[in-house]
1. Would you tally the residues in the range 15-38 being surrounded by 11 or more Cβ atoms within 10 Å (Cβ to Cβ) and either over 24 Å from residue 109 (Cα atoms) or modelled with pLDDT of 95 or more (or both)?
2. In the range 50-65, is there at least one residue being assigned to a helix (DSSP H, G or I) and under 15 Å from the mean Cα position of the chain (by Cα)?
3. Pick from the range 45-55 the residues that are surrounded by 10 or more Cβ atoms within 10 Å (Cβ to Cβ) and free of Cβ contacts under 8 Å to residues at least 24 places away in the same chain: which of them is farthest from residue 97 (Cα to Cα)?
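The values are calculated or read from the model by the stated rules, or taken from the named source; none is laboratory data. It should be emphasised that the depicted structure is a prediction, and the values quoted were computed from it without experimental measurement. Here the Cβ is made from the backbone with ideal geometry for all residues, glycine too, and neighbour counts use every protein chain on show.
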């Protein structure tokens, strides 16, 4: 099992402290890393569904509406992140966007069967 440790000089980790526990240790850093990976997966899954829908010529009205919504959700709005230095600090904004993407992924899985 590896360790996610900062290489900064101010983080003085002793070798013994890294291997003291046999189970995973929760930390804010791990939780944020996990959230970022989950966000990436949501974008990837939705993008795959959008690409698959774009290749189809037989989309009905509901599928076309979903495709438009899916494309819109793949664009990160300014209220979430306008740049690498301007982004929201409100977790509810992020949770709302994740919920919208999750709903679109679930709807896409159902509509595009």
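1. Residues in the range 15-38 being surrounded by 11 or more Cβ atoms within 10 Å (Cβ to Cβ) and either over 24 Å from residue 109 (Cα atoms) or modelled with pLDDT of 95 or more (or both): 6 in total.
2. Looking through the range 50-65, none of the residues is assigned to a helix (DSSP H, G or I) and under 15 Å from the mean Cα position of the chain (by Cα).
3. Filtering first and then ranking leaves 54.
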